[in-house]
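*Asks:* One structure coming up, written as structure tokens, with questions to follow.
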Amino acid sequence: MQILTRPGSTMTRPQVARRAPLLHAGTVGAGHRLGRTCHVVDIENLVGQPENGERHRPAVFSRRAHELSIAYRSKWVDSSDLVYVGCDAALMLEMLMEWEEYSVRFGRGADGADRALINVVDIDAVARSCDVLQIASGDHAFADLAARGRSRGLYVRVVSRSDSLSAALRRNSDGVYIFA
């Protein structure tokens, strides 16, 4: 049995694995933090589609991504965490400024940012240095990453909008938090 390495943490890995499978972000506080976290943030998935079905205007999408970035970092990111952010190359400048102290990856086309994020995460290195893999996306493309994280003993937490969470990603996670 291995004790989590984060100072002040008293949870063991088996205790982490027995956590409830579905929680909402509103119930999570600082006391629920398990240890060092690797964040994999699919910013476009968290922003979502326009409500009326029209395409996002770049300025509107950038504003929403900015607001969401601030909210996400203030709620979830600790100074010791690893953070990988992915987005379409069209948002490169905005996301580099927004997430400047973190690793920002860009892709082009359908699932380009998802592939860029998945390719940059060395799950074995993450398992050696972190206790939690937090996937901020509801996209099915991250289901395999979640399964690989769990197989290496990581607590896998998904932060997603309720309308974008894939069943495969939900099945491969230990906890799901709805991010509004």
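Every number in this text was worked out from the coordinates using simple rules, so none of it is lab data. Just so it is clear, the model here is predicted, and its values are computed rather than measured. Note that each Cβ is placed from the backbone with ideal geometry, even for glycine, and that neighbours are counted across all protein chains shown.
*Asks:* What full-extension length gain, to one decimal in nm, is calculated for His66 and Ala89 as 0.36 nm per residue of separation minus the Cα-Cα distance?
*Replies:* Value of the extension gain: 6.7 nm.
*Asks:* Add +1 for every Lys or Arg and -1 for every Asp or Glu among the other residues with Cβ under 10 Å from the Cβ of Asp139, and state the total.
*Replies:* Once all neighbours under 10 Å are counted, the net charge is -4.
*Asks:* Once you charge only the Cβ atoms, +1 for Lys and Arg and -1 for Asp and Glu, what is the size of the charge dipole of the stretch 37-178 about its Cα centre, to the nearest 20 debye?
*Replies:* The calculated dipole for the stretch 37-178 is roughly 280 debye.
*Asks:* Stretch Arg57-Glu100 to full length: gain in nm at 0.36 nm per residue minus the Cα-Cα span?
*Replies:* Extra length available between Arg57 and Glu100 comes to 13.1 nm.
*Asks:* With both bridge residues required to lie in the stretch 37-178, what share of the DSSP beta bridges run antiparallel, to the nearest 5%?
*Replies:* 0
*Asks:* In the stretch 42-130, how does Rg compare with the Kirkwood Rh, expressed as the Rg/Rh ratio over alpha carbon atoms?
*Replies:* When Rh is taken as the Kirkwood radius, the ratio is 0.98.
*Asks:* Could you list Ser62, Ser74 in order of exposure, starting from the residue whose Cβ has the fewest other Cβ atoms within 10 Å?
*Replies:* Listed from fewest to most nearby Cβ atoms, that is Ser74, Ser62.
*Asks:* Same structure again: Picking from Ala90, Ser162, Ser74, whose Cα lies most toward the positive end of the charge dipole for the stretch 37-178 (charges on Cβ: Lys, Arg +1; Asp, Glu -1)?
*Replies:* Checked the options; the winner is Ser162.
*Asks:* Turning to a different aspect of this structure: Neighbour counts of other C-beta atoms within 10 Å: give me Glu94, Glu67 arranged from fewest to most.
*Replies:* Ascending Cβ contact count within 10 Å gives the list Glu67, Glu94.
*Asks:* Now a separate question. Which is farthest toward the positive dipole end of the stretch 37-178 among Ile135, Val121, Ala147, measuring Cα position about the Cα centre, with Cβ charges +1 (Lys, Arg) and -1 (Asp, Glu)?
*Replies:* Projecting each Cα onto the dipole axis, the largest value belongs to Ala147.
*Asks:* Once you have the Kirkwood Rh of the stretch 61-180 from its Cα pairs, apply Stokes-Einstein at 20 °C and 1.002 mPa s and quote D in µm²/s.
*Replies:* My calculation gives 146 µm²/s for D.
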